[in-house]
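Asks: Can you read through this structure? Questions will come right after.
The values are calculated or read from the model by the stated rules, or taken from the named source; none is laboratory data. Just so you know, these numbers come straight off a predicted model, no measurement behind them. Every residue, glycine as well, gets a Cβ built from its backbone with ideal geometry; the counts of neighbours run over all protein chains shown.
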């Protein structure tokens, strides 16, 4: 499978990481998982990611902070944020900085699949 279909999943909750990774693999994506934003940022393959799915609230570094650091490092893969506590303000702030979508936990599989595909097909 080409790295153009590489999806990274970042979540401090192992069960969420495993569930998302399993779903994405069943849809044909290559998946790499990380338990923190720092782990993704330190991964040598981060620049090959075609899409990043991240929890918003994690210890140490939020998904939004990680997104900004990825952008600062030159990585332009689309980001999907997932959160158990969505608000209109959060969605507006996320869109303002270029986040592709904010999804609510628990994530609906069909909604996630549609957003990942849209993110991968969006112009950079």
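Asks: I'm checking my understanding of the structure. Among residues of the range 22-44 that are without any contact (Cβ under 8 Å) to a residue 40 or more places away in the chain and assigned to a loop (DSSP other than H, G, I, E, B), which one is surrounded by the fewest Cβ atoms within 10 Å (Cβ to Cβ)?
Replies: The qualifying residue surrounded by the fewest Cβ atoms within 10 Å (Cβ to Cβ) is 44.
Asks: Collect the residues in the range 1-21 that are buried (at least 19 other Cβ atoms within 10 Å of the Cβ) and in contact with a helix residue (DSSP H, G or I) (Cβ under 7 Å, 6 or more places away or on another chain), keeping them in residue-number order.
Replies: 6, 7, 8, 9, 10, 11
Asks: Would it be correct to say that residue 81 is modelled with pLDDT of 95 or more, closer than 17 Å to residue 122 by Cα and either surrounded by fewer than 16 Cβ atoms within 10 Å (Cβ to Cβ) or touching a strand residue (DSSP E or B) at 6+ places or on another chain (Cβ under 6 Å) (or both)?
Replies: yes
Asks: Looking only at residues in the range 105-124 that are loosely packed, with under 14 Cβ neighbours inside 10 Å and outside any helix (DSSP H, G or I), which one is modelled with the lowest pLDDT?
Replies: The extreme case among them is 124.
Asks: State whether the residues of the range 2-14 include one that is farther than 15 Å from residue 120 by Cβ, in a helix (DSSP H, G or I) and at pLDDT below 95.
Replies: Checked against the condition, which is being farther than 15 Å from residue 120 by Cβ, in a helix (DSSP H, G or I) and at pLDDT below 95, the range 2-14 yields no hits at all.
Asks: Going by the conditions given, is residue 102 part of a strand (DSSP E or B) and surrounded by 14 or more Cβ atoms within 10 Å (Cβ to Cβ)? Lay out the reasoning, then the answer.
Replies: Numbers: part of a strand (DSSP E or B): yes; surrounded by 14 or more Cβ atoms within 10 Å (Cβ to Cβ): yes.
Yes, satisfied.
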